[in-house]
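The values are calculated or read from the model by the stated rules, or taken from the named source; none is laboratory data. Keep in mind that what you see is a predicted model, and the values were worked out from it rather than measured. Glycine also receives a Cβ, built like all others from the backbone with ideal geometry; neighbour counts cover every protein chain displayed.
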Amino acid sequence: MSSDVIPSARRRRRGLALLLAPVLVLSAAAAPGATALAGSCDLVSHTYTATATIDDGLTSMFTTYGQEKRWWTGGDSTYSVEVGHRIAWFFSDTLIGKVNADGSQAIDQFVNSSIAIQQGNHIVKTVTGGTPSHPTGLVPPVGDSWYWLGASHLTADGSSLDVVFLRFERFGPGIWDWGWKENVLGRLDPSSLKVRKVVHLPSASGVNWGSWISHDGDHTLVYGVEDLGWIKFMHIARVAGDDLTRPWEYWTGSGWSPNEADSSQVMYGVANEYSVAPYGDGYLLVTHDTLELFSRNIVAYVSCSPTGPFTPIGTLYSTPETGLFGSYGNANVFTYNSHEHPELRAGGSLLVSYNVNSFDNQDLYADSTIYRPRFVRVELQPQP
C-alpha cells in the first residue's frame, strides 16, 4: 500500500488492546483525567448489562457492495448522516477498484476519503473527488498533504452538509515522517455531496477537532482529541447555532472561553474517533478502549452533561477479528474507530460501528473482506 494510506492505519491504531472484558458492565468513579462538574441524573446511578449482536443487514450490505460494484471495496471512519431519504456513510482512506474472484485486489488503489450512499437497504453510489478516471479524496490531496475526514452534520436549513477534515502532511522520507497540520471544514452540496468550499477551522491548540459533532440546545458541540500517542485527551468546543464557521468557544473544565488556548483536557481514554449523544436523561460516550494497548474492546461511559464528567460503565462488545486468535487468525489484524450512530437507533437498541485493519498493509489487498466496517446492535439494561 502506498505511504499515503499507511498513516491512516497508524493514526487510528495507537492505543488499542487485546484484553477481553466481561459482558456485565459496572458503573464506577469518573473516568481517568475527567473534569468534575456538578450535576445529577438517573443515568449515572445504575449498573448495566450489555447484550450485543451483529447487525447482519448493515454488515452484509457493505460486503455485497464491496464485492460486486467494482468501485468502493473498503474504508475506515464510518460516520453517518441522514440526508433527505438517503444515508451518507463517510469514510477516510478508501480502497477502490475491482475485487478478484479470490477476494484480492490490485495494490495501491485508494483515495483518502469517500461517501457511500445508502437508499433503502442498498448502497447505490460512491462519491469521491476528482474524476472517474482519476479519483481523489473529497478534498483532493495537495503536494505532500492529504485530508482525512471526521464527523459531519447537515445544517438545520438543509443548505450545507458540513464535514470536518484533518490535514496531514509528510515532511520527510521516513516511514514516520508525517503529522497533523490543521483542521478545515468542507462544505458539501447536500444534493451532489461534492465539496463546494473549504474553510479553515481553529487549529492553534493542536487539537484534532471533529471526533464527533452533536447539537445541544442552541449550540453545536464539536468534540476533538489531543493525540499524544498512547495517551489521548478529549476536548470540547461549541458554536452558537449550527454554523461551524461562526466563532468558537472552548470548554475550560468549568465554563466556556472564546480563547482556544483555554481548551481543557476533559478526560483520557478516548480514541481519535468516538461518539457522545443524548441517552436517557443524560449522555452516552462510546469509544474504542485506549486505556489498554491494542484493545479489542468497545467501551461506554455515561454522564449527566455533554461536557462530563464521564463515568465508565464497561465493555459493550469485544471485537472477534482482533489478533492471532481472532477470526482471521492473523496477529496483524486490529480493530478501532468505534462509535455509535444515534440517528439509527432502533427503540432502545444502539447501533455501533467499528473498523478492521492490519499492521501489514498487504493483508488488505490479499483479502478485501478485512478493511470493511462492522456493525453491532447493543441493548443496555439498567440493573436495580
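When restricted to residues that are in a loop (DSSP other than H, G, I, E, B), in contact with a strand residue (DSSP E or B) (Cβ under 7 Å, 6 or more places away or on another chain) and under 30 Å from Asp363 (Cα atoms), region 309-325 contains 4.
So, of the residues in region 259-274 that are hydroxyl-bearing (Ser, Thr, Tyr) and surrounded by fewer than 24 Cβ atoms within 10 Å (Cβ to Cβ), which turns out to be modelled with the lowest pLDDT?
Looking at residues that are hydroxyl-bearing (Ser, Thr, Tyr) and surrounded by fewer than 24 Cβ atoms within 10 Å (Cβ to Cβ), I get Tyr268.
Among the residues of region 161-182 satisfying the criterion of being crowded, with 21+ Cβ neighbours inside 10 Å and modelled with pLDDT of 95 or more, which is farthest from Val239 (Cα to Cα)? Among those that are crowded, with 21+ Cβ neighbours inside 10 Å and modelled with pLDDT of 95 or more, it is Phe168. For region 173-198, filtered to residues that are assigned to a loop (DSSP other than H, G, I, E, B) and in contact with a strand residue (DSSP E or B) (Cβ under 9 Å, 6 or more places away or on another chain), the residue that is nearest to Val225 (Cα to Cα) is Asp177.
Please verify whether Val81 is part of a loop (DSSP other than H, G, I, E, B), in contact with a strand residue (DSSP E or B) (Cβ under 7 Å, 6 or more places away or on another chain) and surrounded by 13 or more Cβ atoms within 10 Å (Cβ to Cβ), treating the condition exactly as stated.
On the way: part of a loop (DSSP other than H, G, I, E, B): no; in contact with a strand residue (DSSP E or B) (Cβ under 7 Å, 6 or more places away or on another chain): yes; surrounded by 13 or more Cβ atoms within 10 Å (Cβ to Cβ): yes.
Answer is no for this residue.
Filtered by the rule that a residue be surrounded by 14 or more Cβ atoms within 10 Å (Cβ to Cβ) and either modelled with pLDDT of 95 or more or outside any loop (DSSP other than H, G, I, E, B) (or both), region 21-40 gives a lone residue, Val25. Residues in region 301-356 that are buried (at least 24 other Cβ atoms within 10 Å of the Cβ), closer than 25 Å to Leu58 by Cα, of a type outside the set (A, V, I, L, M, F, W, C) and touching a helix residue (DSSP H, G or I) at 6+ places or on another chain (Cβ under 9 Å): Tyr336, Asn337, Ser353, Asn355.
Only one residue in Asp102, Asp93 is more than 22 Å from Tyr336 (Cβ to Cβ) and either in a loop (DSSP other than H, G, I, E, B) or at pLDDT 95 or above (or both), so which one is that?
Asp102
For region 152-159, does any single residue satisfy the condition of being surrounded by 19 or more Cβ atoms within 10 Å (Cβ to Cβ) and either at pLDDT 95 or above or over 18 Å from Pro141 (Cβ atoms) (or both)? Among the residues of region 152-159, at least one is surrounded by 19 or more Cβ atoms within 10 Å (Cβ to Cβ) and either at pLDDT 95 or above or over 18 Å from Pro141 (Cβ atoms) (or both), which makes the answer yes.
When residues in region 332-380 are screened for being polar (S, T, N, Q) and assigned to a strand (DSSP E or B), 8 of them pass.
The residues of region 235-258 that are surrounded by 15 or more Cβ atoms within 10 Å (Cβ to Cβ), without any contact (Cβ under 8 Å) to a residue 60 or more places away in the chain and within 17 Å of His153 (Cα to Cα), listed by number, are Ala237, Arg238, Val239, Trp248.
Are there any pairs with C-beta distances below 8 angstrom linking a residue in region 131-152 that is farther than 20 Å from Arg187 by Cβ to a residue that is β-branched (Val, Ile, Thr) and in a strand (DSSP E or B), with the two at least 6 apart or on different chains, and if so which? What qualifies is Pro135/Ile96; Pro135/Val111. Look at Val356 and say whether it is of a type in the set (A, V, I, L, M, F, W, C), in contact with a strand residue (DSSP E or B) (Cβ under 8 Å, 6 or more places away or on another chain), at pLDDT 95 or above and within 30 Å of Ser254 (Cβ to Cβ). In short, no. None of Ser133, Ser145, Ser114 is hydroxyl-bearing (Ser, Thr, Tyr) and out of contact with any strand residue (DSSP E or B) (no Cβ under 9 Å at 6 or more places or on another chain) except Ser133.
Got a sec? Which of Gly120, Gly103, Gly57 is within 19 Å of Leu351 (Cα to Cα) and over 22 Å from the mean Cα position of the chain (by Cα)?
After applying the criteria, what remains is Gly120.
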